[in-house]
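The values are calculated or read from the model by the stated rules, or taken from the named source; none is laboratory data. Given the structure is predicted, the values throughout are model-derived calculations rather than measurements. Here Cβ is always computed from backbone atoms with ideal geometry, including for glycine, and neighbour counts include all displayed protein chains.
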Amino acid sequence: MKTKQLPLWAMGLFVTASVLIACEKDLDKTIPGPPTATARPDSGSDGLFDAVARMKGIAKKGTFQGRSITYMDYNGLPIYQGDIMLSKEDLAPLETNQNNPNARVKGAGFAGDARRWKNGVIPYVIDPESNLDKVTIETAMERWEAKTPIRFVPRTNEFDCIRFVKKTHNSSSVGRVGGQQDINLLNDKNLGVVVHEIGHAIGLEHEHTRQDRDNFVTFYKENLIDSKLAEQFDIESTTFDHGTFDFNSVMLYSSTDFGKINPQTGEKLAVLRKKDGSTFEGHTNRQHPSFGDEETVRAMYSYIYLVRKNVLHALTTEGLETNLGSGWQGAAQTLAEDGRYIWGIQGGRLWKTDRLNGHYQQVGNGSGNWVGAVGVTGKDPQGNLYAQQGDHLWKIDKYGVHRALGSGGWKGTKALYYLNGALYVIWQNPNLNTPPILYKVNTTTGAYSRLGTATYSSFQAMTALS
Ligand SMILES: [Zn+2]
């Protein structure tokens with residue numbers, strides 16, 4: 001199946017492919033193994049993208065996660081930016097796309113929550129018929145596991161998984177597509193290439209196409225091996241702050257990738273240069289993700305959020321921290337999770353923070369009306385969150401609009417947690433010297449009843465697990 005029915009465009013790539021494998025500097029010297037039998041002298045090109053560049057493709061307009069792009073259609077195979085495989089869902093119009101907001105997170109991270117791998121676990125298969133370099137692939141997976149919460153496990157019966165396959169080009173989808181998705185490898189012996197393609201599958205895009213890249217590099221379109229390859233360098237139309245451009249990113253192409261040969265010198269021309277005119281290396285010369293790549297993945301796959309001193313931290317289940325910004329001094333004790341957002345009360349106001357990049361906004365009408373609130377908890381199946389402030393329990397919808405839940409009299413609340421259609425509230429009458437009591441409050445009707453017979457004079461802490 002995998003090589004017997006190659007489309008025509010692929011047939012012409014075999015010569016280039018064998019040259020690529022021979023290219024000495026593309027090989028990772030830490031990986032043992034003899035040179036391939038097809039190895040022969042390289043003509044001086046670093047070659048990695050020649051295969052893609054020489055494919056007979058048609059430039060097409062489309063959308064990628066809802067944003068307008070130009071991609072190449074290679075006999076029915078849609079490829080974006082040289083190695084990003086587009087799925088039907090990727091190409092779906094904005095209105096039907098489930099992965100909005102379609103912005104990137106930190107660095108080259110991809111924001112679509114729906115494209116994340118559950119708990120950061122990625123089941124994988126190495127196609128047994130592909131004769132791939134297993135050691136390099138396993139090393140590449142370990143490089144991502146080292147400082148991110150991503151974990152690769154051999155597939156047993158999971159529906160979603162990645163499969164490494166030998167192909168005549170390198171490509172991968174961005175994030176979890178659903179079902180089995182292939183990581184196509186031509187240069188399976190090049191550790192940087194494999195780390196890069198896995199990075200796409202985890203959910204990373206290209207560093208050199210981030211929205212603010214023109215502040216850091218200059219794009220020399222005229223040096224492209226083929227002008228129609230300009231789409232490989234399309235800037236994304238997002239407005240997020242990506243932090244400093246990461247020249248060490250494994251998601252960065254080198255200056256000369258897709259560059260044409262200077263006939264005088266025989267050298268490849270630079271398509272991208274730093275602002276000082278210098279050139280830089282790309283993923284084919286890297287051995288591991290950069291600190292920035294790791295930080296991006298941690299931000300995408302963190303599950304625990306807490307405020308320490310003034311700072312909101314995201315933690316992975318391994319305890320790795322990402323700083324999500326300051327300004328949280330005095331935050332109310334309980335934070336609520338709402339998909340991409342963390343809700344919290346600080347300074348008497350209700351805030352919604354994008355947990356991927358730390359950007360926050362005040363939500364709800366009015367200001368200062370959350371003074372003294374215990375915290376915010378939730379969320380229920382309709383997306384509502386709950387808080388107590390003043391005399392009332394409040395139901396807060398996803399826009400921050402709040403209304404009282406049931407009758408008043410909740411002044412004196414010590415703690416509250418939401419679980420399966422009810423709030424569990426520790427309440428103490430502020431006017432009487434009576435001990436705190438645990439109440440269960442129906443979050444639809446506001447009806448409440450005492451839970452158990454214990455009193456809670458010694459109450460210290462509580463949580464509720466869904
Ligand atoms: Zn790529």
Within region 146-160, is there a residue that is part of a loop (DSSP other than H, G, I, E, B), within 16 Å of the ligand (Cβ to nearest atom) and in contact (Cβ under 8 Å) with a residue 40 or more places away in the chain?
-> no
State yes or no: is Trp370 free of Cβ contacts under 8 Å to residues at least 40 places away in the same chain, in a loop (DSSP other than H, G, I, E, B) and crowded, with 20+ Cβ neighbours inside 10 Å?
-> yes
Checking Asp50 against (1) at pLDDT below 80; (2) of a type in the set (D, E, K, R); (3) more than 16 Å from the ligand (Cβ to nearest atom), the condition it does not meet | (3)
Can you confirm whether region 265-284 contains a residue that is without any contact (Cβ under 8 Å) to a residue 60 or more places away in the chain, charged (D, E, K, R) and in the same structural domain as Gly375 (by TED's automatic domain parsing)?
-> no
Consider Ser249 carefully, then state whether it is under 18 Å from the mean Cα position of the chain (by Cα) and within 30 Å of Lys60 (Cα to Cα).
-> yes
Among what's in region 161-170 and is crowded, with 24+ Cβ neighbours inside 10 Å and either closer than 14 Å to Arg115 by Cα or at pLDDT below 95 (or both), pick the residue that is nearest to the ligand (Cβ to nearest atom).
-> Asn170
State whether one or more residues within region 399-419 are under 16 Å from Ala464 (Cα atoms), assigned to a loop (DSSP other than H, G, I, E, B) and within 35 Å of the chain's Cα centre (by Cα).
-> no
Complete set of residues in region 428-466 that are among the aliphatic types (A, V, I, L, M) and modelled with pLDDT of 90 or more | Ile437, Leu438, Val441, Ala447, Leu451
Candidate set from region 182-202 (those that are part of a strand (DSSP E or B) and touching a residue at least 24 places away in the same chain (Cβ under 8 Å)); member that is farthest from the ligand (Cβ to nearest atom) | Asp182
